Structures are given as C-alpha cells and as structure tokens.
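Notes to accompany the following structure.
The values are calculated or read from the model by the stated rules, or taken from the named source; none is laboratory data. Quantities reported herein were computed from a predicted structural model and do not represent experimental measurements. Here the Cβ is made from the backbone with ideal geometry for all residues, glycine too, and neighbour counts use every protein chain on show. Areas reflect the complete protein model, heavy atoms only, side chains present, ligands, DNA and RNA absent. Shrake-Rupley method; radii C 1.70, N 1.55, O 1.52, S 1.80 Å.
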Amino acid sequence: MDAINNNDAVDEVNSFFESAPLLKDANSINAKLTQFINQKSSLSGSEGPKRVVCVTSGGTTVPLEQRCVRYIDNFSSGHRGATSCEYFLKSGYSVIFLYRRGTCQPYCRSLPDDPLLECFELTDDSCIKVHESHSEAVKKAISGHHAAVSGGFLLKLPFTTIFEYLQMLRLIATSMKTLGPSAMFYLAAAVSDFYVPWESMAVHKIQSASGPLDMRLAQVPKMLSVLRNQWAPSAFCVSFKLETDTEILLEKAGNALKRYKMHAVVANELSTRKEVVILVTNSEKVSVYRENDHSDVESPLIKLLIEKHTSYIAVIKE
Ligand code: PMT
C-alpha cells in the first residue's frame, strides 16, 4: 500500500515538473551551484565536506495568466529566512539562500523600508553620504553581506512563482546530494498549496467584463517526500508548519514529521511566530523562546538545530 502511495506521489511530482514552464537561467543557476558546492566538497574536514544549509524564504506566487497580470500570493515577509541565514553563517555554515524577490534580506533587517532614499543624503558639493542616524545599520549590512558573499559563504538565488521555486529547489537539492549528511535543508518558505496548471492557464489577461471568475485550482504536490527519498536522501531536513489555530498546530507538525520523514519540524503560530516556535522531533517537542524583546527566536533555534545536525552526522558516520 505504501509503495503504491509512494508511486502516486512520484507521478504527481513528475507531472508537475513536466507541465511547468521552463526555468529561465537554469544553466547559469546550475553553474553557480556547481561552483559553490564543489568548493565546499573540496574543503573536507574530519567529519566530511563543509556544512551547507539551503534556507528557503518568502512566499511563492501562483500566476493566474501565462502573461501574468494577476497572481495569488502566500504570506511571508522573509524575516525568518533572512534572520536564520545570518545565524547559520555566524555558526560557520555556508548558506544557499533561496528567497522570494523583494522580501527581507540577510543583514538588512535593521534598515528602513526604502534604504536608498532614507539612509543616504546629498552633501552641499553633491556627494552622497550616509545619514548619521542610519550609519551603524548601513555599516553592519554592507560588512556582513560583503564578508559572506566575497568569502564564498553565501549564494543568493531569487524566485517569484511556485514553478520557479520548486524547479530551483530540485536543482539545489540534487546538487547538494554530493555533500551527504553535511547538507541541511531549512524550509521556511511559505509554499503555495494550490495552483493553476500551466496548460489550463489563460494566456492573456482575464477579462473582468466576462463576469464573476470561476477557477479550479489543482493541488501542488508536496515535494518533501521526493526531497528526502530521491533528491538528497542523506541530508538533514527541517520543514516548517504554520497554522493560525494553536489547537491543531502540534498534531499537524507531528504528522508532517512522520509522513515526510523529516528530521525536525518547526511549528509556529502566525501571531506569535517571532516570540516562540516549537521544535518537534521523533524524541521530543521543545518550546524555543527568544531571550527578550530585542533578541531573535532564531538564535536559540539555529543553535539547537545545529546540535541536532552534529549528532545526525556523527550517527551516520558510525
Ligand atoms: O517570513 P516570515 O514573515 O518571518 O514568516 C515565517 C513563516 C511563518 C512563513 C515560517 O516560519 C513558516 O512557517 N514557513 C512555512 C509556511 C508553510 O508553508 O507552511 P505549510 O504548513 O503550508 O507547509 C509545511 C511545509 O511543507 C513547508 O516546510 C513547505 O516547504 C512544505 N510544502 C508546502 C506546500 C507544498 N505544496 N509543498 C511543500 O513541500
């Protein structure tokens, strides 16, 4: 029975990819990934290749038209992903940051919404200088980002649609397979559950004069099983569970852990997500709180996950 279900899931995944519009820039993304990952594989230490985490961040969109004017969006500011990326880098991980265009970026969290216009000013002799009140935040953003990118520790890859996100996740995962258990997936992106298949999508802008719109959305296949079973079977996988109803949150997180054979699921409730998360594993459920109003819940969360990743690598090596 399980084998039949598994085959059905694989068929759904295959047909999603076969019918998806081709990923633009696939060759250049692949080249960047190969270079980034080869460099980590060649730097093997006593535990194996250098550790690399793929952090996904932000929400995917679902286009309603092929020449897209309208789309359905998924809520996510990208704050969780960007913050987590910084803590992974600080702990010595290299990060592939798969993020939604326009969402929060690592090292830029303390900048205002329109950093170019709000952080800089013109001097009397028409030079540009940093506004005094933002100078610390700008220095932190530039130095953190520069050190991570030029040091070869951070690779940033943007997506917008569900089609781009899933094709890029597959490229990243199959490239990271060579890293074995040193690879980690931290899937904080808010991924669309429903979509309009490309072949049944209107080509041009849907006309409002045609009256109310009836639309049937197909289910996006969950990619977690294929990620675990095929794309990167030895990687340490952390998925997220977001609910607005706390009553069902832990049950759903537990189900995801078992069904998709995740190593950990981070359960969070929408309104308290910046204060507390619950880390669900096979052996325990741990509430992780931020230390105070000015600290990040991602700090203790990433610390805990890295401990679990270390134990995982040690067990695999035995
Ligand atoms: O970005 P912020 O504003 O800081 O908010 C952070 C967050 C709340 C978005 C983040 O902490 C979070 O919970 N992200 C996951 C949201 C989500 O999509 O949850 P879900 O219950 O719908 O999906 C659970 C898991 O299944 C996710 O890890 C997702 O990668 C995966 N999934 C989902 C849908 C799908 N079709 N395929 C998938 O593989």
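Determine if the stretch 220-242 includes at least one residue that is near the ligand (Cβ under 10 Å from one of its atoms) and of a type in the set (Lys, Arg).
The answer is yes; a qualifying residue exists.
Each row is one residue, and each column tells you yes or no for (1) in a strand (DSSP E or B); (2) in contact with a Gly (Cβ under 6 Å, 6 or more places away or on another chain); (3) within 27 Å of Trp198 (Cβ to Cβ).
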{"residue": "Leu98", "(1), (2), (3)": "yes, no, yes"}
{"residue": "Arg109", "(1), (2), (3)": "no, no, no"}
{"residue": "Pro112", "(1), (2), (3)": "no, no, no"}
{"residue": "Glu118", "(1), (2), (3)": "no, no, no"}
{"residue": "Ser135", "(1), (2), (3)": "no, no, no"}
{"residue": "Lys140", "(1), (2), (3)": "no, no, no"}
{"residue": "Gly152", "(1), (2), (3)": "no, no, no"}
{"residue": "Leu155", "(1), (2), (3)": "yes, no, no"}
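Please verify whether the stretch 184-203 includes one or more residues that are more than 16 Å from the ligand (Cβ to nearest atom), in contact (Cβ under 8 Å) with a residue 24 or more places away in the chain, among the small types (Gly, Ala, Ser) and more than 30 Å from Val62 (Cα to Cα).
no
Are there any pairs with C-beta distances below 7 angstrom linking a residue in the stretch 100-129 that is under 21 Å from Leu155 (Cα atoms) to a residue that is of a type in the set (D, E, K, R) and within 16 Å of the ligand (Cβ to nearest atom), with the two at least 6 apart or on different chains, and if so which?
Listed by first residue and then by second, the contacts come to Pro106/Glu86; Tyr107/Glu86.
Only one residue in Lys274, Lys303 is open to solvent by 40 Å² or more (accessible area, probe 1.4 Å), at pLDDT 95 or above and within 13 Å of the ligand (Cβ to nearest atom), so which one is that?
Lys274
Filter the stretch 67-96 down to residues that are open to solvent by 30 Å² or more (accessible area, probe 1.4 Å) and assigned to a strand (DSSP E or B) and give me whichever is nearest to Ser295 (Cα to Cα).
Ile72
Looking for whichever is in contact with a His (Cβ under 6 Å, 6 or more places away or on another chain) and surrounded by fewer than 17 Cβ atoms within 10 Å (Cβ to Cβ) here; the options are Glu121, Glu136. Which one fits?
After applying the criteria, what remains is Glu121.
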